[in-house]
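The values are calculated or read from the model by the stated rules, or taken from the named source; none is laboratory data. Model, not experiment: these values are computed from the prediction.
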Amino acid sequence: MEEESRKRKERLARMRQGRDSSDTVEESVSGVVEETVAKHQREAEQQQEIDIEAIAPKRADWDLKRDLQRRLDALQPQNEAAVTQLIRRRFQENDAKMETT
């Protein structure tokens, strides 16, 4: 922005000194139009980057964890019972092998 301001001041100084008196209005305005368009494009890109960052969650799977936690809590006792049953079967199989030998 400082550079744009400096350029405008230089143009105004030249116009006041009469150096740009041969330029037409279109020629003197064309630079301003290009600068303005470029400035608005930069601002739009910055705004778009900010919006994307603001929308994106910090953790992508937070909603999955929230929704699945209730189901996992309900399955936890069943899981523990199944593991206990598998361990008992293994002990029974080992005991049966020990008795046969």
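Given (1) acidic (Asp, Glu); (2) over 31 Å from the mean Cα position of the chain (by Cα); (3) at pLDDT below 85, where does GLU10 come up short, assuming only one miss?
That leaves (3) as the condition not met.
Return yes or no: is GLN41 of a type outside the set (Phe, Trp, Tyr), modelled with pLDDT under 70 and under 28 Å from MET1 (Cα atoms)?
Working: of a type outside the set (Phe, Trp, Tyr): yes; modelled with pLDDT under 70: no; under 28 Å from MET1 (Cα atoms): yes.
Criteria not met by GLN41.
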